[in-house]
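Each remark here refers to the structure printed beneath this line.
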Amino acid sequence: MWPLTLFRLCFGGRRGPDLPRFLRRPFCLDSLRSTIFALSSGHGKCGVAVIRTSGPASRTALLGLTGEMKLPQPRSATLSLLSHPSSAEPLDRGLVLWFPGPKSFTGEDCCEFHVHGGPAVVSGVLEALGAMPGLRPAEAGDFTKRAFLNGKLDLTEVEGLGDLIHAETEAQRRQALRQMAGDLGHLYRRWSDQLLKALAYIEAYIDFSEEDSVEEGVLSQVDLAVRSLQAEIAAHLQDSRRGERLRSGVQVVIAGATNAGKSSLLNAICQKPAAIVSPIAGTTRDVVETALNVGGYPVVLSDTAGLRVTQDFVEQEGVRRARGRLEEADLILAVIDATEIPAGLVGGGPFLERCLEDILPSPPCELSPETRDPPGTSCILVLNKVDLLGATAPDSLREICSSRSLPSVCPLSCRTGEGLKSFLHVLTGKLEEMCGNPLVGSPSLTQTRHRLHLGGCLECLARFHRHRHLDLALTAEELRIALRHLGKITGKVGTEDILDVIFRDFCIGK
């Protein structure tokens, strides 16, 4: 039965072929034989432009452009005159760096040309490289793809590199840098190793349970390991989408009745006239969206149409779109005109609760003092136009909201700027609470595909327990599928590793 087990583990078991990595690698070689080149620095006029190559013809490209007979010292900058290999026409004088594989970004032979950043210089060097045999212009992502195929990066690190390039805030940069460093990949690989070991134990028990080399308690060890892994993955998934919010931006929606000051608040946060402000009710008919950096956190801020019953068809569509945005919002800024609160602030609590019922997707209910936000909704209550009330009005409004357990309240005036600094402080605190500190604790999920595969992995582990006392073959298959889900996150899907665990942990064949 041992040859059958070898075949099953190597070629995907009972659900069809799944070639291991050492059999798949030759199919990747065609795409790696060519040598690619591209401008790696930004386009446009600049002081220095970096052009790099990757592939077996990199040494030919370097020697051809420099006219030298031997390669420079690896990873050392050398000043050299660059000339066209065909006409010997000088192109520029710049720095040349040589990175022999596998100690390079892509794992292949690479070289870099640091030249002056004028368009004519860059164009001349690129044209010279394109004229050399075996070289072709790189396509989007070619260098990173080769780094992945050569084992320099896993998929989570590739995604982290992409996020780092597109990071616009400090928090995004920190999260992307941590992911690119491999923290998320290390976590998923550790879980994969645990699943590999559990699967190897199950397979060994199926084929060698009658031999002394496999102990009776091995299945109990697998059960404990799987339950522990289930709890860890479930906790990882229950992160309130912190990493995804930080990566794509927190959806913050400004909502409220007409003429409450929503557009004025948008302009105050943006510090520019992003939306039209008018005393005419219903000025905003569509969603006005802008991307911001608030306290180092990315925000997609949306101003919406005033929520009211209207006979105007266009305004009705604006209200419908506003309701749709509220359903998708991560954080709602509920703007209420403070001058409409009953005189003397008597009955202010019930009035504000009714206003929130009209704004929030779900009505507020009894709240815990810790959250002070409606369940499923993160909200800041913005009481605008306090400059039209008495000097003690802000403190009185805070006291009313505190006694009624309403959401975080911020009395302010968009016209005078009173209370705006305090509001921004509360907003930043909310964003930090929702996104977390990317440098503290376990790395966060950043991609929807990670969440989908981890959910699929959990489903397989749940089925594992259902099949555990019915059919060990089905049990092993569920572990194998769970392992594939984890492998699809990192891009390392292989089954030959199971054999290593079996040979390491069991004395098969003695």
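The values are calculated or read from the model by the stated rules, or taken from the named source; none is laboratory data. Quantities reported herein were computed from a predicted structural model and do not represent experimental measurements. Here the Cβ is made from the backbone with ideal geometry for all residues, glycine too, and neighbour counts use every protein chain on show. Surface areas here come from the heavy atoms of the whole protein model, side chains and all, with no ligands, DNA or RNA. Shrake-Rupley method; radii C 1.70, N 1.55, O 1.52, S 1.80 Å.
A compact table of results
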quantity	calculated
Subset tally (residues that are out of contact with any Gly (no Cβ under 7 Å at 6 or more places or on another chain), part of a helix (DSSP H, G or I) and open to solvent by less than 30 Å² (accessible area, probe 1.4 Å)) for the stretch 431-472	10
Criterion: within 26 Å of Arg33 (Cα to Cα) and over 30 Å from the mean Cα position of the chain (by Cα) - qualifying residue of Ser76, Ser80, Ser87	Ser76
Wholly enclosed helices (runs of 4 or more DSSP H) of the stretch 16-66 bearing at least 1 residues at pLDDT below 50	21-24, 29-33
Test set (1) open to solvent by 50 Å² or more (accessible area, probe 1.4 Å); (2) under 30 Å from Leu184 (Cβ atoms) - Ser123 fails condition number	(2)
Neighbours by Cβ (under 6 Å, 6+ apart or cross-chain): first from the stretch 176-201, touching a residue at least 12 places away in the same chain (Cβ under 8 Å) and more than 18 Å from His453 (Cα to Cα); second in a helix (DSSP H, G or I) and of a type in the set (Gly, Ala, Ser)	Ala176/Gly160; Met180/Gly160; Ala198/Ala225
The one condition in (1) surrounded by 18 or more Cβ atoms within 10 Å (Cβ to Cβ); (2) closer than 29 Å to Gln175 by Cα; (3) at pLDDT 90 or above that Ala128 fails to fulfil	(2)
Number of positions in the stretch 252-284 that are charged (D, E, K, R) and either in contact with a strand residue (DSSP E or B) (Cβ under 8 Å, 6 or more places away or on another chain) or crowded, with 18+ Cβ neighbours inside 10 Å (or both)	1
Thr339 modelled with pLDDT under 85 and surrounded by fewer than 19 Cβ atoms within 10 Å (Cβ to Cβ)	no
Qualifying residues in the stretch 133-147 (those that are surrounded by fewer than 18 Cβ atoms within 10 Å (Cβ to Cβ) and over 18 Å from the mean Cα position of the chain (by Cα)) - the one nearest to Gly185 (Cα to Cα)	Ala140
